[in-house]
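Down below is the structure, laid out as structure tokens.
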Amino acid sequence: MIDSGRRIGHLDMDAFFAAVEQLDDPSLRGRPVIVGGLGPRGVVSTASYEARVFGIHSAMPTAVARRRCPDGVYLRPRFGRYKEISDIVREILRGASTTVETVSLDEAFFDLSAYGADVNASIEAARKIKADVQEATRLTCSVGVAPNRFLAKLGSELDKPDGFLVIDPESVRELLDPLPVGRVWGVGRVTERRLSGLGLLRVRDLRLTPADLLAREFGSAGARLQALARGEDDTPLSGEAASRSISRELTYAFDLIDPAEIEGEVRLLARDVASRLQAESLLCRTVRVKVRYPDFRTITRQFRFGVGVDSSGMIERLAVHLLRSRVPLDESGIRLVGVGVGHLTESTARQLSLFD
Ligand code: TTP
Ligand code: MG
């Protein structure tokens, strides 16, 4: 039983690009399918499980793969199609979890802590996510559920493909100890070599090494490594509070025609939205402007920031920029205008106040 407060899920699609190709072309099912660059210097993005039998894996030169499996089907990636499916998966996650962190097209973390003490309900929710993804996409995925990110990801990896693994706090040590140190989060080839130089090959070795020895070798990263070896990880999901957004819109009794007047309204709405954002100690990553024309056609134009933002000036400027550059206005005017911010995350101010 998971008894700590946190419960994190991790979902990873199985052999994603290759599985999509097999989905769209049934003649490829059961065959070795390799998706990647097909030119002389191309590398493999992914290989179907049938192709992995030949020793083909991601990042291998395609030329090497062709030698190992001359009868394989070699395809260029179709990112647009993968994105479509990725969006379907993300929608399912957002419907089921308060916080979703998308890692890549085929991988995401999701928070199940909202189920609180009801462990079984959270596990059922994760199971339902897996089933819903399968039903909506006709593809399989692997899901891990655990008290933290590191273990959730490990859970989905260990039970691949079509897996579902719950890691309870009580079974962590038993599960981690025998694994090679390379399975620890962030341990790449270089660190792995340094660890093996110290005679540390398994997670158990790392867990039992005196802390000062690790500190000497790895500095502050040593303690972090050892915590992971114990299965401890408190990194938060860099979550978008996905379902949340803040917006305000106004419908006018008379259509608004003067562009300067429309812009003035957008400025007011933007400042209002920004002040509500600040009041809740939230940051936004997207700003959008919505306009409805007299014939009820409605358009939304959105801008995405690279970082979270709560500055009133910034949000106002962006909203005006969207209006000027991306919203066509003519003499018939508009009947509604709105400004919204989305992809909200908690600002540090809020995170700190939680500990007060
Ligand atoms: P992964 O989840 O690493 O791999 P996968 O989904 O193909 O297989 P698995 O069942 O082991 O999860 O990566 C997801 C997709 O990202 C993968 O289908 C192709 C792409 N990708 C690359 O383009 N290059 C890479 O080096 C890797 C690792 C993945
Ligand atoms: Mg995958």
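Listed values, structure above:
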{"item": "Longest exposed-site-free window of the chain, the sites being chymotrypsin sites (Phe, Trp or Tyr not before Pro) in a DSSP loop that have at most 15 other C-beta atoms within 10 Å", "result": "1-184"}
{"item": "Longest segment of the chain lacking GluC sites (Glu not before Pro) that sit in a DSSP loop with at most 16 other Cβ atoms within 10 Å", "result": "1-231"}
{"item": "Value of [θ]222 nm, deg cm²/dmol, for the chain, DSSP H segments ≥ 4, -39500 (n - 2.57) each, nearest 500", "result": "-12000 deg cm²/dmol"}
{"item": "Entries of Lys128/Lys290; Lys83/Lys128; Lys83/Lys153; Lys83/Lys160 with Cα pairs more than 32 Å apart", "result": "Lys128/Lys290"}
{"item": "Relative contact order computed over the chain (Cα-Cα under 8 Å; 6+ residues apart), in percent", "result": "15 percent"}
{"item": "Total charge dipole magnitude, the stretch 76-135, about the Cα centre, Cβ charges on Lys, Arg, Asp, Glu only, Debye to nearest 20", "result": "320 debye"}
{"item": "Lys, Arg +1 and Asp, Glu -1 on Cβ, resulting dipole of the chain about Cα centre, debye, nearest 20", "result": "1200 debye"}
{"item": "Unit Cα scatterers, Debye sum, the stretch 133-192: log10 I(q)/I(0) for q = 0.16, 0.29 Å⁻¹", "result": "-0.56, -1.19"}
{"item": "Eligible aspartates and glutamates near Lys130 by straight Cα distance, threshold 17 Å, same-chain separation 8 or greater", "result": "Asp12, Asp14, Asp87, Glu91, Glu101, Asp106, Glu107, Asp111, Glu157, Asp159, Asp162"}
{"item": "Sorted by Cβ neighbour density within 10 Å, fewest at the top, the residues Ser104, Ser281", "result": "Ser104, Ser281"}
{"item": "Amide H contacts of Phe164 (H built 1.01 Å from N, under 5 Å, at least 5 apart or other chain)", "result": "Val143"}
{"item": "Projected area, mean over directions - the chain, Cα convex hull, nm²", "result": "23.5 nm²"}
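Coordinate-derived values only; no laboratory data. The structure presented is a predicted model; accordingly, all values stated were derived computationally and were not measured. Cβ coordinates were reconstructed from backbone atoms using ideal geometry, including for glycine residues, and neighbour counts include every protein chain displayed.
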